[in-house]
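See below for the structure under consideration.
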Amino acid sequence: MWFYRKIIRPILFARDAERAHNFTLSLLARASRSQFARRAAGKIFSAPELPVELFGLHFPNPVGLAAGMDKTGAAVPMWEKLGFGFCELGGVTWRPQPGNPPPRIFRAVSEGAIVNRMGFNNPGAEAMARTLAQWKEGGLWPGHPVGVNLGKSKATPLERAPDDYAASFRVLRRHADFFVVNVSSPNTPGLRQLQDKSALAEVLAAIQEVQHTPPDNARAKPVLVKIAPDLSLEAIDEVLELAGPHHLAGIVATNTTLGRPPGGDAGSQKIYAEAGGLSGKPLRARSTEVIRHIFKQTRGRLPVIGVGGVFNASDAWEKFRAGAMLIQLYTGLVYEGPGLPPKILRGLVSKMEREGIANLSEIIGAG
Ligand SMILES: Cc1cc2nc3c(=O)[nH]c(=O)nc-3n(C[C@H](O)[C@H](O)[C@H](O)COP(=O)(O)O)c2cc1C
């Protein structure tokens, strides 16, 4: 962690944010193909087990990679070597698309935050399916669950959104363990309107229809919905009403926010003036509030993956106490480096020992 903060991070942060991201991902993609690099990373970033059984899947630990980091599935074998208990790839859309023009990622360093307006730059669902098949055929599929985040193609009009999501799900469902319907990215015009109850119901119905279509109807894949932190509590409740009828496995809470916190230095204010979604420390409290609300409304019966501003073990602890069963990291990883998942896990394990807690499930929703 020290080495990353003092040596690596200044080098990466001296570059444009997207270039630094692409550079890191290309290193991880290369490392994915090297047995030596995989083994070395597995040793350096070894993490204590903290198993969770959920959605009929075994998670070696509850700390996952959030969507947006590995949009193409380029480094699938590496995430478990860095200590993650699962990863969510994508967002991927049915049509390949370039996303918004750069620059489109901005760091507000003094605030521990990022603003992005990527706009689902991705090679399309069919290309992602080929990549995932290659990892599997090459014997490099990880031991942990792999999820895929599904977005809507920009060129597809909102009223055709159900077909667009269903087309991606159809080609990918065989290749991943769970799916997240992303209706909360602020960077595709109109996308967030799909969080409205009737629009979302149509998208989920189209996906469930694919679940029951041969030849892949042997085992339904868990489907979750990812929501925005900017929804009112009433609007969240409407999404929750769809869970039973549409067989939702859970909710991912939350995506980035269009809101901006007050304060911050001049540099951060300049970044906050950029269009896009804000992630990192300023998002933490709101994301936790949304998780707590969902837990309370569903009496803990609908699993929540908590994401937003987790930078250390006590942030993770707070998310579990609010009701998250799993958590994910994006911005924390950018600021704290690849040692973060094992550091969080060690912190959780020692806190559990101190407080005499034998199983993480004892704290979920406890606060
Ligand atoms: C550059 C960037 C790209 C992202 N891309 C996606 C995406 O494609 N799909 C998605 O659901 N969330 C995406 N996210 C949101 C994250 O998955 C996460 O929900 C959000 O950043 C809050 O977590 P954090 O504070 O740990 O970063 C992206 C975030 C960032 C910073």
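Given the criteria of a type outside the set (A, V, I, L, M), in a loop (DSSP other than H, G, I, E, B), over 27 Å from Leu326 (Cβ atoms) and in contact (Cβ under 8 Å) with a residue 40 or more places away in the chain, does Ser153 qualify? Steps first, please.
Working: of a type outside the set (A, V, I, L, M): yes; in a loop (DSSP other than H, G, I, E, B): yes; over 27 Å from Leu326 (Cβ atoms): yes; in contact (Cβ under 8 Å) with a residue 40 or more places away in the chain: yes.
For Ser153, the condition - of a type outside the set (A, V, I, L, M), in a loop (DSSP other than H, G, I, E, B), over 27 Å from Leu326 (Cβ atoms) and in contact (Cβ under 8 Å) with a residue 40 or more places away in the chain - is met.
Among the candidates Ile207, Ile236, single out the residue that is touching a residue at least 60 places away in the same chain (Cβ under 8 Å) and part of a helix (DSSP H, G or I). Steps first, please.
Working: Ile207 fails: touching a residue at least 60 places away in the same chain (Cβ under 8 Å).
Exactly one residue qualifies, and that residue is Ile236.
In this structure, is Ile344 within 11 Å of the ligand (Cβ to nearest atom) and modelled with pLDDT of 95 or more?
Working: within 11 Å of the ligand (Cβ to nearest atom): no; modelled with pLDDT of 95 or more: yes.
So Ile344 does not fit the description; no.
Testing Ser350 on (1) over 19 Å from His58 (Cα atoms); (2) among the polar types (S, T, N, Q); (3) surrounded by 16 or more Cβ atoms within 10 Å (Cβ to Cβ), one condition comes back false. Which one is that?
(3)
Any idea which residue in segment 253-278 is nearest to the ligand (Cβ to nearest atom), counting only those that are among the small types (Gly, Ala, Ser) and within 21 Å of Val290 (Cβ to Cβ)?
Start the filter on segment 253-278 by keeping residues that are among the small types (Gly, Ala, Ser), which leaves 253, 259, 263-264, 266-268, 273, 275-277.
So of that shortlist, the ones also within 21 Å of Val290 (Cβ to Cβ) come out as 253, 259, 276-277.
On the way: Ala253: 9, Gly259: 13, Gly276: 9, Gly277: 7 Å.
Here the answer is Gly277.
Where residues in segment 255-273 are farther than 19 Å from Ala67 by Cβ and crowded, with 16+ Cβ neighbours inside 10 Å, which of them is modelled with the lowest pLDDT?
First, pick out the residues of segment 255-273 that are farther than 19 Å from Ala67 by Cβ: 259-273.
Next, from what is left, pick out any that are crowded, with 16+ Cβ neighbours inside 10 Å: 260-261, 264, 268, 271-272.
Values: Arg260: 97, Pro261: 95, Gly264: 86, Ser268: 96, Ile271: 97, Tyr272: 97.
The selected residue is Gly264.
Looking only at segment 70-128, count how many residues are of a type in the set (Gly, Ala, Ser), over 18 Å from Arg173 (Cβ atoms), away from the ligand (no atom under 12 Å from the Cβ) and buried (at least 23 other Cβ atoms within 10 Å of the Cβ).
First pass over segment 70-128, keeping only residues of a type in the set (Gly, Ala, Ser): 73-75, 83, 85, 90-91, 99, 108, 110, 112-113, 119, 124-125, 127.
Checking which are over 18 Å from Arg173 (Cβ atoms) leaves us with 74-75, 83, 85, 99, 108, 110, 112-113, 119.
The next check asks that each one be away from the ligand (no atom under 12 Å from the Cβ); those that pass are 74-75, 83, 85, 110.
Now restrict to residues that are buried (at least 23 other Cβ atoms within 10 Å of the Cβ): 75, 83, 85.
The number of residues fulfilling the criteria is 3.
Give segment 134-164 a look and list any residue that's away from the ligand (no atom under 16 Å from the Cβ), touching a helix residue (DSSP H, G or I) at 6+ places or on another chain (Cβ under 6 Å), over 16 Å from Thr188 (Cβ atoms) and open to solvent by less than 40 Å² (accessible area, probe 1.4 Å), or say none.
Correct list: Pro142, His144.
One line per residue, one yes/no per condition, for (1) assigned to a helix (DSSP H, G or I); (2) under 29 Å from Leu348 (Cα atoms); (3) among the small types (Gly, Ala, Ser); (4) in contact (Cβ under 8 Å) with a residue 60 or more places away in the chain:
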| site | (1), (2), (3), (4) |
| --- | --- |
| Tyr4 | yes, yes, no, yes |
| Ile11 | yes, no, no, no |
| Glu18 | yes, no, no, yes |
| Arg30 | yes, no, no, no |
| Ala37 | yes, yes, yes, no |
| Gly42 | yes, yes, yes, no |
| Ser46 | no, yes, yes, yes |
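Filter segment 223-247 for residues that are within 16 Å of the ligand (Cβ to nearest atom) and either within 16 Å of Glu88 (Cβ to Cβ) or open to solvent by 20 Å² or more (accessible area, probe 1.4 Å) (or both) and give the result.
Step one: list which residues in segment 223-247 are within 16 Å of the ligand (Cβ to nearest atom), which gives 223-231, 236, 239.
Listed by number, the residues that qualify are Val223, Leu224, Val225, Lys226, Ile227, Asp230, Leu231.
The values are calculated or read from the model by the stated rules, or taken from the named source; none is laboratory data. Keep in mind that what you see is a predicted model, and the values were worked out from it rather than measured. Positions of Cβ are backbone-derived with ideal geometry, glycine not excepted, and every protein chain shown enters the neighbour counts. Heavy atoms of the whole protein, side chains included, go into the accessibility calculation; ligands, DNA and RNA do not. Shrake-Rupley method; radii C 1.70, N 1.55, O 1.52, S 1.80 Å.
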